[in-house]
Structure formats: structure tokens, C-alpha cells
1. I want to check the label-to-label distance for B:Ser27 and B:Ala87. Put each point 7 Å from Cα in the C-beta direction and report it in nm to one decimal.
2. Residue by residue, what Karplus-based ³J(HN,Hα) values in Hz, rounded to whole numbers, does segment B:62-71 have, using 6.51, -1.76 and 1.60 with θ = phi - 60° and x for Gly and Pro?
3. Between the DSSP loop rule and a limit of at most 16 other Cβ atoms within 10 Å, which trypsin sites (Lys or Arg not before Pro) in segment B:5-110 are left?
4. Net charge near A:Gln139, counting Lys/Arg +1 and Asp/Glu -1 over other residues with Cβ under 11 Å of its Cβ?
5. Rounded to the nearest 0.05, what FRET efficiency is calculated for B:Arg8 and B:Gln139 with R0 set to 45 Å and r the Cβ-Cβ distance?
6. What does the convex hull of the Cα atoms of segment B:9-76 come to per residue, in Å³, rounded to a whole number?
7. Could you size up the charge dipole of the protein assembly as shown around its Cα centre, putting +1 on the beta carbon of Lys and Arg and -1 on that of Asp and Glu, and report it in debye to the nearest 20?
8. Among A:His140, A:His38, A:His18, which one shows the highest mean-square fluctuation when chain A is modelled as a Gaussian network with alpha-carbon springs under 10 Å?
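Bear in mind that the values in this text are calculations on the coordinates, not laboratory data. As the structure is a prediction and not an experimental result, all values here were calculated from the model. As a convention, Cβ positions derive from the backbone with ideal geometry for all residues, glycine included, and neighbour counts pool all protein chains shown.
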There are 2 protein chains.
Amino acid sequence: MTYLEDIRIGARREIGRHTFTAEEIKSFASRYDPQPFHLDEEAAARSHFGRLCASGWHTAAVCMRLLIEDRKRQVAAMQARGEPVAAWGPSPGFRDLKWLKPVYAGDTITFETEPVEARPSQSRPGWGVLTLRHTGTNQHGEIVYSILVSAFVPRRSV
Amino acid sequence: MTYLEDIRIGARREIGRHTFTAEEIKSFASRYDPQPFHLDEEAAARSHFGRLCASGWHTAAVCMRLLIEDRKRQVAAMQARGEPVAAWGPSPGFRDLKWLKPVYAGDTITFETEPVEARPSQSRPGWGVLTLRHTGTNQHGEIVYSILVSAFVPRRSV
């Protein structure tokens, strides 16, 4: 991946899209979030959601998969161009995970990533701390998911 | 569930245990977090984790399932005792999700919940805001997962 110095703050970019089918929503929920409005259309119709909708953890997990697949494509493209690929460090965690709107069965969510802050690390010489905001937006243009993630990113030169 | 007035701050309680098998770790990761150290023992041995370990999203999803199952047991017990069951409102979100240590294949994680703050809601008369900390602790007594969750909880009388 890129070095700290090559990060462009505000450069938002699509990482992928996903359509949440009723079958997939129920399959995830039956394993990890067995609440009626994630499992059954009729129960969902009687709930405050009104329709079958995905577990928020399902949305988060799909975003993660698209991020990993995007990263693999980015690395492959950089290698194909003969560019050095910086090895990113672990993520110290994240904050501000928000499920802003329900993700209903049949919704197509477009996930995007945007660097919102980049600074040299105080604790790790040679490294920077990059903060990214990942969002998911439905086919009506409504943001349904948002999360702030930090990662250690190497500096090109110190 | 209980009313705001019946919440006991600091009353930590186990909600369930789960053993993460290698098979299950790979199955979740292949769908939602396809990184080598979640998919393959040999690749994991070469990574900074050293051994096959679960996606952090997998840990979060298992915690969610145990919370839902615990809630169903709690409601059934209250109904069996003839107690009124308060309908909790939606969660405004959460913060401070932390994956503090890897969850390795074969680890048994004990999940617990603890009310850490309860206060009347400023915006919703008749409701309070309850903040819970959920944690996961491995068989060595190490906390591997921590998350702060808020929920709207009805007040018994206003």
C-alpha cells in the first residue's frame, strides 16, 4: 500500500458495491444476530423497521471484505507498475461506528473510503498514523454506515 | 428487559462462552475477512500473529449472538416470574470497540456485560440512556475484546 507521504486527504474512492439479498440477510442473522427483524419478513413488517433488514454486523463484515479485496487489487496494481508496496501495520482500533439507516433486503450499498487525517506517529519513529472514514451509501444516496479506522502507515523517509 | 431504575451499575454478569474452532474461523474469514492469517495455518505462522486467529468482526458477531440469546433467556425468566418486561429502544450506536489480543483457534472466550452508566435521557421524556460495556476474556484471563454500547431504556415512572 502507499506511504504516509503519498496519502491524499479527502481523496474519496469507491471500494465496491454489494446487494444484500433476503437469503443472505437471514443466513448471517441466524448465525450471529438472531433478532426477528433480521430473520423473517412478517416479523420485520411488525417491527419498527417495517421490512426485513440486515444486521449492522453484517454490513460491517461486508465492508471489511470489500476493503480486503480492494487492498489486494491495489497491491497487485502497484506491483504490476513496479512500485514499492509499503507494508501497513496493525490497526490500533476504530471509533464512531454508526448504523445511520437500515439496510433493507434488496438494497445495493456502495462502500467508499476516504483518508481524513494523516500525521507522523509520536510513539513509532518511521511510521505515521492514518485515519480513514469508510462509508456505505444506499441506492437512494443515503449514508447507511460510517466508521473511522486508524492504521499505522510507514513513512517514505525519516 | 429491566427499567432504568432497576439497573445496577457495575453488576457484571456472564452472558455466554464460545470456543472458536479453526474451521469456523476460516469459514467466517472466507466470507467477510479473507486475510491469510484468518484463512490458513501456515500463512498465519508466518504473520505477526504467529497462529491462526479469528477476524475481529467474527468475535464481535459472536458477542452479538450471545447477547441476543441472553436477552431471550432474561425475558423468558421475567415472564415466568410474572414481572413486567420493559421494551428497550434502539441503540444510538457504540464506541470504543477494541480488539485487545488475538483470538486464536481453540480459544474459549467468556463474554460478560456490565452497566457502566445510566442517566435520564435529555431528549426523550420517559426514557433513560444506559451504557453497557461488553467484554470477551480468554481462557488465560486476558481481555481480548471490549465495546461500549448505549441503549434507550424506559423509566419505571416519570
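1. Distance between the two pseudo-spin positions: 3.5 nm.
2. 5, 4, 4, 4, 5, 5, 5, 5, 4, 4
3. Within segment B:5-110, the qualifying trypsin sites (Lys or Arg not before Pro) (loop, at most 16 other Cβ atoms within 10 Å) are B:Arg8, B:Arg12, B:Arg51, B:Arg81.
4. Details: positive: A:Arg17; negative: A:Asp107, A:Glu142.
So the surrounding residues net to -1.
5. Working: r = 28 Å, r/R0 = 0.61.
Plugging the Cβ-Cβ distance into 1/(1 + (r/R0)^6) gives 0.95.
6. Numbers: hull volume 7.5 nm³, N = 68.
Expressed per residue, the convex hull around the Cα atoms of segment B:9-76 is 110 Å³.
7. Numbers: 42 positive and 36 negative charges, 132 e Å.
The dipole of the protein assembly as shown has a size of about 640 debye.
8. A:His140
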